[in-house]
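Student: Have a look at this one.
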Amino acid sequence: MLVLGIESSCDETAAAVVRDGNAILSSVIASQIDLHRPWGGVVPELASREHLEKIEPIVAEALERADVRFSDIDAIAVTQGPGLIGSLLVGVCYAKALAYSLGIPIVGVNHIEGHVYSVVFENPRIEYPALALIVSGGHTNIFHIPNEGEYKVVSRTRDDAAGEAFDKVARMLGLGYPGGPIIERLAKDGDPGKVKFTQAKISDGRLDLSFSGLKTAVKRYVRENGIEPLTNGGEPTGAIKDLAASFQAAVVSALVGTLEKLANQLYPRTIIVAGGVACNLALRDAAGQAGNRLGVPIYFPSKHLSTDNAAMIAAAGHFHLRRGETSDLRMTADISMRLQNLENEEDALRGRGVKYRL
Ligand code: KG4
Ligand code: ZN
C-alpha cells in the first residue's frame with residue numbers, strides 16, 4: 001500500500017510517500033526556521049501563509065522523488081492535530097480535496113502518534129508493551145502502549161515542553177533560535193556539574209515533569225552571577241557554556257530519570273524516544289545507558305525523522321488504514337487532539353485541580 005503523508009501542524013511543510021508503512025520512497029520537508037528566526041519563535045500567521053505557498057510544490061516533489069504519480073497513491077494520511085489551527089487547516093483542506101478528487105481514502109492522524117511511528121523505519125519491529133517518550137517543542141509526554149494503537153499517558157509536563165525550555169533559555173542568553181541545537185553545541189564545551197539545579201518535585205507524587213521552575217532558576221542564576229546575554233552573535237563565555245551544559249544535564253536527567261522509573265513499573269519490551277529534542281546526543285546517551293541498565297532496547301529515529309516530517313504521519317496512517325479506520329470528508333483540524341484511549345483520567349485530574357498539558 002502506498003500512502004502519501006502530509007504534515008503542516010507547526011512550522012514544517014512536509015510530504016512523504018511510504019510503502020507498506022515502513023519503507024520511505026520519499027520524504028520532503030520545507031522548514032520555516034529562517035522565516036521565524038527574527039521573532040525568536042513561530043509566528044502562527046506567517047506559518048499558515050507559508051504552508052499555503054509550499055504545500056503544492058512539496059507534495060509534487062515528494063511524488064517526483066518517489067517516482068510515482070497521483071494515480072499510484074492508495075491513501076492519504078494527514079496530520080489532524082494537535083498544532084496551530086491555521087497551519088493544520090492548510091494540510092487538512094489540501095489533503096481532503098486531493099483525496100476527493102482521486103477517489104481514495106483519507107485518514108486524519110494525531111501528530112504525537114506520528115512521532116511514535118517515526119522509529120519504524122530504522123529499527124527492528126516495535127515489541128509491545130512499549131513505553132514512548134515524545135519530547136519536542138510543543139509536547140513532553142511518556143505513553144504506555146500495551147498493544148499497538150493503545151495509549152495511556154503515564155507522565156506529562158505540567159507546564160513547558162522540554163524543547164520549549166531549551167528555546168526559552170537560549171533566548172534568555174541571547175543565543176538564537178531554535179535553542180536546542182545551539183545549547184547542545186555549547187554544552188559540549190561546558191561543565192554540566194557547574195550549576196546544581198534541583199529537580200522539580202510534583203506535589204501530588206505523580207511521575208510528571210515540570211520545566212518552568214528550571215527556566216526560572218536559570219534566569220535567577222544569570223541575574224545573580226552577572227551573566228551578560230550575547231548580542232549580535234558574539235563569542236559565548238565559559239560561564240554561558242557551563243550554564244548550557246548544566247541546564248541540558250538537568251533536562252536530560254529529569255526526562256531519563258522519569259522514563260526509567262516508569263520502565264521499572266511497567267516492564268516495556270521496547271522504549272521509544274522521539275520528537276525534536278530526541279536529536280540531542282546527551283539525551284540519547286543517557287537514555288541508551290538507562291536502556292542497558294533495564295535490559296530493554298531503545299529506539300530512536302534518525303535526525304531527519306526526529307523533527308516534524310510526513311513519513312511518520314504516513315506510517316501512523318498506514319496502521320489505521322490497515323485496520324479499516326478512515327476519516328470522512330467532514331473531518332477537520334483539531335488543535336487540542338489527545339492521544340489517549342485507555343483509562344482516560346484527564347477529567348478526574350482536572351477535577352482535582354491538577355493542571356497539565358497533554
Ligand atoms: O518535533 P519538533 O521539530 O517540533 C515540534 O513538534 O515541536 O521539535 C522542535 C523542538 C525545538 O524546541 C528545538 O529546540 C528542539 O526540538 N530541538 C532540540 C534539539 N534539536 C531540536 N532540543 C535539544 N537538543 C537538540 N539537539
Ligand atoms: Zn512534532
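The values are calculated or read from the model by the stated rules, or taken from the named source; none is laboratory data. Since we're looking at a predicted model, the values are computed, not measured. FYI the Cβ positions are ideal-geometry reconstructions off the backbone, even for glycines, and counts take in every protein chain you see. The protein model used for the area step is the full one, side chains on, heavy atoms only, and it has no ligands, DNA or RNA in it. Shrake-Rupley method; radii C 1.70, N 1.55, O 1.52, S 1.80 Å.
Student: For a quick check of your reading of the model, give me the residue pairs whose first member lies in the range 292-317 and is away from ligand 1 (no atom under 13 Å from the Cβ), whose second is assigned to a loop (DSSP other than H, G, I, E, B) and among the hydroxyl-bearing types (Ser, Thr, Tyr), with beta-carbon atoms closer than 8 Å and at least 6 apart or on different chains.
Tutor: Matching pairs, first to second residue: 311/118; 315/118.
Student: Now, a different point. Residue 142 is checked against (1) in contact with a strand residue (DSSP E or B) (Cβ under 7 Å, 6 or more places away or on another chain); (2) under 22 Å from residue 283 (Cβ atoms); (3) surrounded by fewer than 24 Cβ atoms within 10 Å (Cβ to Cβ) and fails just one. What number does that condition carry?
Tutor: All conditions pass for residue 142, except number (3).
Student: Kindly establish whether residue 73 is open to solvent by less than 30 Å² (accessible area, probe 1.4 Å), over 24 Å from the mean Cα position of the chain (by Cα) and farther than 22 Å from residue 306 by Cα.
Tutor: yes
Student: Of the numbered conditions (1) within 16 Å of ligand 2 (Cβ to nearest atom); (2) over 14 Å from the mean Cα position of the chain (by Cα), residue 128 fails exactly one; give the number of that condition.
Tutor: (1)
Student: Additional query: Could we say that residue 277 is in a strand (DSSP E or B), under 30 Å from residue 66 (Cβ atoms) and open to solvent by less than 30 Å² (accessible area, probe 1.4 Å) here?
Tutor: no
Student: Sticking with this one: Tally time: how many residues in the range 145-173 are within 30 Å of residue 185 (Cβ to Cβ), more than 16 Å from ligand 1 (Cβ to nearest atom) and open to solvent by less than 30 Å² (accessible area, probe 1.4 Å)?
Tutor: 1
Student: What number of residues within the range 174-210 satisfy the criterion of being within 13 Å of ligand 1 (Cβ to nearest atom), modelled with pLDDT of 95 or more and crowded, with 23+ Cβ neighbours inside 10 Å?
Tutor: Number of matching residues: 3.
Student: Please identify the pairs in which a residue from the range 185-199 that is hydrophobic (A, V, I, L, M, F, W, C) has its Cβ atom under 8 Å from the Cβ atom of a residue that is part of a loop (DSSP other than H, G, I, E, B), counting only partners at least 6 apart or on another chain.
Tutor: Once the first residue is hydrophobic (A, V, I, L, M, F, W, C) and sits in the range 185-199, its partners that are part of a loop (DSSP other than H, G, I, E, B) give 186/175; 186/236.
Student: Residues in the range 294-331 that are assigned to a helix (DSSP H, G or I) and open to solvent by 60 Å² or more (accessible area, probe 1.4 Å): how many?
Tutor: Going through the range 294-331 one residue at a time, the tally reaches 3.
Student: Okay, next question. Could you check the range 286-312 and list, in sequence order, the residues that are within 16 Å of ligand 2 (Cβ to nearest atom) and of a type in the set (D, E, K, R)?
Tutor: The answer is 303, 308.
Student: So which residues in the range 110-139 are buried (at least 23 other Cβ atoms within 10 Å of the Cβ) and among the polar types (S, T, N, Q)?
Tutor: Listed by number, the residues that qualify are 118, 136.
Student: Now, a different point. Tally the residues that are of a type in the set (A, V, I, L, M) and either in contact with a Pro (Cβ under 7 Å, 6 or more places away or on another chain) or more than 25 Å from residue 48 (Cα to Cα) (or both), restricting the search to the range 317-339.
Tutor: Final tally of qualifying residues: 3.
Student: Hey, another quick one. Name every residue in the range 29-42 that is of a type in the set (A, V, I, L, M, F, W, C) and surrounded by 17 or more Cβ atoms within 10 Å (Cβ to Cβ), in order of residue number.
Tutor: Hits for the range 29-42 are 29, 30, 42.
Student: Give, as residue ranges, the helices (runs of 4 or more DSSP H) completely inside the range 138-256 that count at least 3 residues that are of a type in the set (D, E, K, R).
Tutor: 162-172, 212-224
Student: Every residue in the range 111-125 that is among the aromatic types (Phe, Trp, Tyr) and in a loop (DSSP other than H, G, I, E, B), please.
Tutor: 121
Student: Please list, ordered by first then second residue, the pairs with beta carbon atoms under 9 Å, 6 or more apart or interchain, first in the range 62-91 and of a type in the set (Lys, Arg), second in a helix (DSSP H, G or I) and surrounded by fewer than 24 Cβ atoms within 10 Å (Cβ to Cβ).
Tutor: That search, which allows pairs on different chains as well, returns 69/63.
Student: Related question: Among the candidates 283, 358, 262, single out the residue that is within 16 Å of ligand 2 (Cβ to nearest atom), farther than 19 Å from residue 149 by Cβ and either modelled with pLDDT of 95 or more or open to solvent by less than 70 Å² (accessible area, probe 1.4 Å) (or both).
Tutor: 283
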